[in-house]
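These notes are about the structure you will find just below.
Every number in this text was worked out from the coordinates using simple rules, so none of it is lab data. Model, not experiment: these values are computed from the prediction. Glycine also receives a Cβ, built like all others from the backbone with ideal geometry; neighbour counts cover every protein chain displayed.
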Amino acid sequence: MSLLYALHGAVALGILWSVMTLGVYITFRILDIADLTVDGSFATGGAMSGMLIVNGVNPFVSLLAAFAVGMLAGLVTGLMHTKIKIHVLLASILTMIALYSVNIRIMGKANTPLLGVRTVTSFWMEHFELTTTTASLIVGVIFVTLLIVLMYWFFGTELGSAMRATGNNEHMMRALGVNTDTMKIFGLMLANGFVSLSGGLVAQSQGYADVGMGTGTIVIGLASIIIGEVIFGRHFGFWYTFLSVVLGSILYRMVIAVVLQLGLKSTDLKLFTALIVAVALSVPVVKERVASRRRSPFPGASHLDKEIRRNPELTDTVGG
C-alpha cells in the first residue's frame, strides 16, 4: 500500500514537473540550445507565485505573474547570447547565478511557507473534498492539456514553424530572411515562461517556495525528455511528441518513488538521475550498433557502406 501511495504521489508530482519539461523541450530539441537558465527560473516562478499569494493575490493570477517573470529571465539570456554574443551556455549560467539573488530579493528570505493561504491546489480540495495529491494531479492534467493544445497550435503557425526551422538549420533560415536572433530570444522566453509556471504550480502544491527548489532542474528535464523519447518514440505527429515528454516526466518520478521505497537514500537521487540520463542516452546508440551488425555481412561492413555513400567513386575500388 505504501508503494501505491508513493506512485500516486509520483504521478501527481511528475505531471506538475512536466510543464517544466515542455519548456526544456523547446530549447533542447526545437532550438537545439543547452539552456541552464531553468535552474534559476523554476525557483523564480515559485518565489513570485508564493509571495503574491501570501500578500493576498489570487493564486491563478500569481501563476500568470510567474509565467511573465520566467519570460523575463529567458529574455535576459537571449539578449546576452544574441546581442552581446556571449555563448548561450555561459549566458544561461550567468542568468541562473543572478536569479539566485533575485529570488531572495523577491521573497526577502530563503523560504516562504504557503500554509494557511489559498492556492490552486487548496481551491480544488475545498470545493470537491479531494486530497492534496489528487487535487495536484487534477490541476496538472488541466494545465498540461491546455499547454499541449496551445503548443501544437503555435508550432503550426508561421512563427512557430520559423522557430522550429531555426533550430534545424539556422544558416538556411537566415539566408531566407528570417531573423534567427528574434526566434532564439522568443524561444528562450517561452521555454523559461513554462519552467517558471511549473515552479509556481509545484510551490503551491508542496506548500512552500524555496530559493533552492530549482537545483538540478535541467537534469530532471533532460532525463524526462530522453526517457519519453526512448520508451514512447516519435509517432503519430507533433502532439504525440509533447505527450511522450509529459509521460517521460511521470515515469521519471515513478522510478524515483520506487527506488526510494526500495531503500535508496534521498541524498543519492542526483547520482541516480545522472545514471538514468546516461543510460537513456546510450540506448539509441546501442540499438543502432546492434541493427548495424545484423545488416553487415562481415565486420566493418557498416563502416564501409557509410564511406561508399559519402564517396560513390569507391564502388569501383571495392568491385562495384
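A few points about this structure:
- In segment 100-172, the trypsin sites (Lys or Arg not before Pro) that fall in loop regions by DSSP, at most 12 other Cβ within 10 Å: 109
- Gap separating the Cα centres of segment 218-250 and segment 129-200, nearest whole Å: 14
- Helix axis angle, 269-295 relative to the chain longest principal axis, alpha carbon, degrees: 20
- The gain in end-to-end length when the residue 181 to residue 110 segment is fully stretched comes to 22.0 nm, 0.36 nm per residue minus the alpha carbon separation.
- Taken about its Cα centre, the chain carries a charge dipole of roughly 360 debye when the Cβ of each Lys and Arg holds +1 and the Cβ of each Asp and Glu holds -1.
- Gyration tensor verdict on segment 1-111 (Cα atoms; rounded if a/c is under 1.5, prolate if a/b is larger than b/c, oblate otherwise): oblate
- Cα-projected label distance for residue 238 with residue 89, points at 7 Å along beta-carbon direction, nm: 2.9
- Distance between the pseudo-spin-label points of residue 268 and residue 174 (7 Å out from Cα toward the beta carbon): 4.8 nm.
- Cα-based helix-to-principal-axis angle, 180-206 vs the chain, degrees rounded to 10: 40
- Mean Cβ count within 10 Å, highest first, over the residues of peptides 255-264, 188-197: 188-197, 255-264
- Seen from residue 195, the other residues with C-beta closer than 10 Å to its C-beta sum to a net charge of -2, counting Lys and Arg as +1 and Asp and Glu as -1.
- J(HN,Hα) series, segment 84-92, from Karplus relation 6.51 cos²θ - 1.76 cosθ + 1.60, nearest Hz, glycine and proline x: 9, 6, 7, 3, 4, 5, 5, 4, 5
- Using a Förster distance of 25 Å, the FRET efficiency for residue 130-residue 261 (Cβ separation, nearest 0.05): 0.55
- Gain on full extension, evaluated as 0.36 nm per residue between residue 8 and residue 281 minus their Cα-Cα distance, stands at 95.6 nm.
- Net charge of neighbours whose Cβ lies under 15 Å from the Cβ of residue 240, counting Lys and Arg as +1 and Asp and Glu as -1: +1
- Amide hydrogen proximity for residue 209: with H placed 1.01 Å from N in the peptide plane, the residues at 5 or more positions away or on another chain lying under 5 Å are 112, 114.
- Here the chain is described by how far its Cα atoms reach on the three principal axes: 80, 52, 34 Å, from widest to narrowest.
- Degrees, to the nearest 10: 2-25 long Cα axis against longest axis of the chain: 70
- Segment 64-168 shape via C-alpha gyration tensor axes, a/c threshold 1.5: oblate
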